[in-house]
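Taking it in order: structure first as structure tokens, then the write-up.
The values are calculated or read from the model by the stated rules, or taken from the named source; none is laboratory data. Owing to the predicted nature of the structure, the values given are computational and were not obtained by experimental measurement. Glycine gets a Cβ as well: all are built from the backbone with ideal geometry, and neighbour counts include every protein chain shown.
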Amino acid sequence: MAEIPNVRLSLSNRPENVLVVRQALTGVADSLGLDAIETNDLNTAVTEACNNVVLHAYAGEEGPLEVDVYALADGLAVAVRDRGSGIRLRPPERDSDDVRSGIGVPVINALSRHAEFKDLDGGGTEVRMEFAASKATALERLDGNGRGSVGGARTQCASTVELSVAPTALARAVLPRVLSVLAARAHFSTDRISDVQLVADLLAASAFESISGSHLDVGVMMAPRNLELRIGSLRAGHGESLVAAGAEGLAPVIERLTDARRVARADSGETLELTLVDRR
Amino acid sequence: MPSLATKPPSSLRADHATGVDSLQLFRRWQRDGDGVAREELVRRHMPLVRRLARRYGRSAEPFEDLLQVASLGLLKALDRYDADRGHPFVAFAVPTILGEMRRYFRDSGWSVHVPRGAQERALKVRDAQERLSNKRGRAPTVHQLAEYLELDAEDVIDALQALQAYETFSLDAPRAGGDGEAISYGDSLGRDDEHYELVELDVTLSAVLGYIQPRERAILHMRFVEDLTQTEIADRVGISQMQVSRLLRRSLDQLRTLTHAG
């Protein structure tokens, strides 16, 4: 059975993106019932792995940072990947008196139940870490029954973040956090950040009925006081019903909270594009 | 607990300890009980202790408290490290120091309570948000709050998340500058029996609106029919914007469940 992550984040290795990863993980941790210490362990270890990608993977250049999260029966696993050829995480060297180097690996080893470091075919490295949860909440299993699929790596530019998430319970914990931190970065006021959270709540709760695959894919593009969301892949005809003023349920609420809405047709269905602006 | 963080070794002592490799210092401390060697080892590894305290316990307790706990971990690691086994000291010290901080968190009930530091910070963020909103007539950005409170943007975002959580801790505590007694929604609205309609939105919503609390119905009406911002609603109702946000989130969630069930 092919392993399918519950959450995939594709972003650039900018330092500020580590915060996006941490917020997503905190959402996962909430959803899975990790306690505060377990959440702190998870965030600290994954931050070390991400910081390595930020600092060393691309020798000062910008490049992709990918984070996959898997819900396990008794905890979770996180894989952090880069596609670079830079320095990989290494254990500290014997006789090295320089305490500033190489604490990443000991921190990851100390805080995770199991950690693996491997080189990827075609360049890049992956750190895969497993974390125990003392009372894990079981999630609906994602199996490889044909419907399960997760967005692959896409082109990353500095102002774009791609998130794939399933199932609904996880999306409801992760999407509002990820979108709030991106709205904060786009200089939204707290007022409008709260609106973004409402939109994220509503999408996470209702979009799964409209998607064509197993995962809700959300692409976010940031500009000052402007967020563009691209939600896909939706089954034909479903984009309109999620946001139209005259549609049933809470679609009119999403309509009120967003500044522009557009349904883009694609071969395999459609994509919903939402614009949120902070006018002030 | 002795304050390791603030005690530099005297220059006289340092003269015959600096420049010596750590392995030598371990031998002098562990075999001969040489306190100067130990002090030098502490000095060399304080950057590691600081980094671990900052990274592991961020947003939790006051930094100085954590630094003390992490320093204790370093002292234990200095005593227990066996240089002859061939592992670098850092690989041994990191889990020992992290173990000390985890034990501290566990013992202080941190796993089950919102940490004191985080709670205080959330309330500060809430108050600052109101103060800045009142002063400028619009809600501040995260960066403005971070600057005003001298916090990281991440701390502010975490605080906003905590304030959003339905029942993380009581948000109904009197706010700074308030008269002590929280005004009930009914009092401040003065018209809670008025029938708020959301027909402008959707008929299926109107059918289930009766299940929503009058105060929340009023807030839904103000946001989605009158198109007021959350800050304007907060002003009108006399609660914080984060409370407006929390009530909106909750009532929309209820509406969604109700329309779904029906």
Contact list, first residue from the range B:86-112 and without any contact (Cβ under 8 Å) to a residue 60 or more places away in the chain and facing chain A (nearest Cβ under 7 Å), second anywhere and surrounded by 20 or more Cβ atoms within 10 Å (Cβ to Cβ) and small (G, A, S), beta-carbon distance below 8 Å, six or more apart or interchain, is B:V94/A:A110; B:P95/A:A110; B:L98/A:A110; B:L98/B:G73; B:F105/B:G57; B:F105/B:A60; B:W110/B:A60
Restricting attention to the range B:34-50, report how many residues are among the β-branched types (V, I, T) and over 25 Å from the mean Cα position of the chain (by Cα).
2
Quick one: which residue in A:G249, A:G232, A:G239 is in a strand (DSSP E or B) and small (G, A, S)?
A:G232
Does A:R90 count as within 30 Å of B:R27 (Cβ to Cβ), surrounded by 12 or more Cβ atoms within 10 Å (Cβ to Cβ) and modelled with pLDDT under 90?
yes
Look at the range B:251-260 and say how many of its residues are within 10 Å of another protein chain (Cβ to nearest Cβ) and within 28 Å of the chain's Cα centre (by Cα).
2
Evaluate the following for B:Q129: is it out of contact with any strand residue (DSSP E or B) (no Cβ under 7 Å at 6 or more places or on another chain), crowded, with 22+ Cβ neighbours inside 10 Å and not in a loop (DSSP other than H, G, I, E, B)?
yes
Filtering the range A:45-64 down to residues that are within 11 Å of A:S12 (Cα to Cα), in contact (Cβ under 8 Å) with a residue 60 or more places away in the chain and either among the polar types (S, T, N, Q) or crowded, with 20+ Cβ neighbours inside 10 Å (or both) yields A:P64
Of all residues being among the hydroxyl-bearing types (S, T, Y) and modelled with pLDDT under 60 in the range A:123-159, which is surrounded by the most Cβ atoms within 10 Å (Cβ to Cβ)? Just the residue, please.
A:S149
Counting only residues in the range A:160-178 that are surrounded by fewer than 24 Cβ atoms within 10 Å (Cβ to Cβ) and out of contact with any helix residue (DSSP H, G or I) (no Cβ under 9 Å at 6 or more places or on another chain), the one farthest from B:R249 (Cα to Cα) is identified as A:T160
The number of residues in the range A:191-229 that are in a helix (DSSP H, G or I), away from chain B (no Cβ under 11 Å) and surrounded by fewer than 19 Cβ atoms within 10 Å (Cβ to Cβ) is 1
Take residues that are out of contact with any Phe, Trp or Tyr (no Cβ under 8 Å at 6 or more places or on another chain) and modelled with pLDDT of 90 or more and tell me which of the helices (runs of 4 or more DSSP H) falling wholly in the range B:140-257 contain 1 or more.
B:142-149, B:153-164, B:214-224, B:230-237
